[in-house]
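One structure is given below, encoded as structure tokens.
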Amino acid sequence: MFKAGKVAIIGRPNVGKSTLLNVMVKEKVCIVSEKPETTRDNIQGILSGEDFQVVFVDTPGIHRPKNLLGKLMVRKAQSSLMETDLNLVLIDAHSGITKEDIEIFNLMPVKLNILIINKIDGIDRRHILPIIEKAHKFNFKEIIPISALKKDGTDLVFKKILEYLPEGFPFFPDDQLTDKNERFIVQELIREKILEITYQEVPHSIAVTVEEMEERKDRENNNIIYIKANIYCEKESQKGIIIGDGGKTLKKIGEITRKDIENFLQKKVFLDLWVKVYKNWRKDPFALKNLGY
Ligand SMILES: Nc1nc2c(ncn2[C@@H]2O[C@H](COP(=O)(O)OP(=O)(O)OP(=O)(O)O)[C@@H](O)[C@H]2O)c(=O)[nH]1
Ligand SMILES: [Mg+2]
């Protein structure tokens, strides 16, 4: 009997959804950062075995949107629930079950939902019991405390998913890892580095587009992938921060991102980054579409 199904990973921003997806599929498909609202799209990560295929759907954190981009993100997360067989609802063990978490519980369709209490590393086990007790009031099939970061409890999550997964045919070829293309992942890897090294409004005001990506020869006649990407921000002042004194910050972004992209593509990369201002793009439906949202 072959089992196949879609499993959405849902929760507030920053609870560890993307980290968990990467652990489940054993590859880095989704970018991760300590800043909330990192994921902006539904991203599928595919895990195939002899007799199963699980399609995990990472989703943007559900929050009260402050602009059109936020609204689109929340809408995408909610829409993922329409087509799943099973959902993993994540909460953060540090904060327990918050008011916002309960709002998300109430959004969940009445089907198979598993509550995942994440980030239990470094937390006294005695603090987890009351969370589990409170969680019993809600209609979860399972309640599983884990640390996605330390891969603690994640095997049990996988075991439970397989138990609940329906019989079915695979959605994707068994060597496919994600529904997103290389261009998308490259854009995200660049955005991840900017999230890592910028603060306050800057990380949120960034969008990245890959304009060109093609195989070329370098001076020594070796094959390289030439990638030209635009980094959009909303204000001149933000552009200045991203470029840095004498181009220092942009150079750093380029260096660390290039290594990551080379790792991902398994090829040498030449990365050509350009910073541009796109005023108020997060509020402008036309701009959002232009930037791929
Ligand atoms: N200590 C600890 N940190 C974790 C764990 N899982 C994730 N994190 C950290 O939490 C932060 C957010 O992780 P993400 O995976 O980006 O969270 P997310 O839910 O996808 O966030 P959004 O995309 O913004 O909704 C990162 O700094 C992770 O390293 C965990 O089990 N323990
Ligand atoms: Mg995420």
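Worth pointing out:
- Scanning segment 1-21 for residues that are within 8 Å of ligand 1 (Cβ to nearest atom) and either in a loop (DSSP other than H, G, I, E, B) or not assigned by TED's automatic domain parsing to the domain that holds Ile97 (or both) turns up Arg12, Pro13, Asn14, Val15, Gly16.
- Residues located in segment 36-60, provided they are open to solvent by 30 Å² or more (accessible area, probe 1.4 Å) and within 12 Å of ligand 2 (Cβ to nearest atom): Pro36, Glu37, Asn42
- Candidates Ile146, Ile206, Ile197, filtered to the one that is within 15 Å of ligand 1 (Cβ to nearest atom) and closer than 24 Å to Ile102 by Cβ: Ile146
- Residue check, Ile31 farther than 24 Å from Asp174 by Cβ, open to solvent by less than 20 Å² (accessible area, probe 1.4 Å) and touching a residue at least 24 places away in the same chain (Cβ under 8 Å): yes
- When Met24 is tested against the conditions (1) near ligand 1 (Cβ under 10 Å from one of its atoms); (2) more than 21 Å from Lys99 (Cα to Cα), the lone failure is (1).
- Against the criterion of being at pLDDT 95 or above and within 15 Å of ligand 2 (Cβ to nearest atom), Lys6 does not qualify.
- The lone exception for Ser80 - which of (1) open to solvent by 50 Å² or more (accessible area, probe 1.4 Å); (2) more than 11 Å from ligand 2 (Cβ to nearest atom); (3) modelled with pLDDT of 95 or more it fails: (1)
- Those strands (runs of 3 or more DSSP E) lying entirely in segment 205-293 with at least 2 residues within 22 Å of the chain's Cα centre (by Cα) and surrounded by 15 or more Cβ atoms within 10 Å (Cβ to Cβ): 207-217, 223-233
The values are calculated or read from the model by the stated rules, or taken from the named source; none is laboratory data. Quick caveat, the model's predicted, so the values are computed rather than measured. Cβ: placed from backbone, ideal geometry, glycine included. Neighbour counts: every protein chain shown. Only protein heavy atoms, including side chains, enter the accessible area calculation; ligands, DNA and RNA are left aside. Shrake-Rupley method; radii C 1.70, N 1.55, O 1.52, S 1.80 Å.
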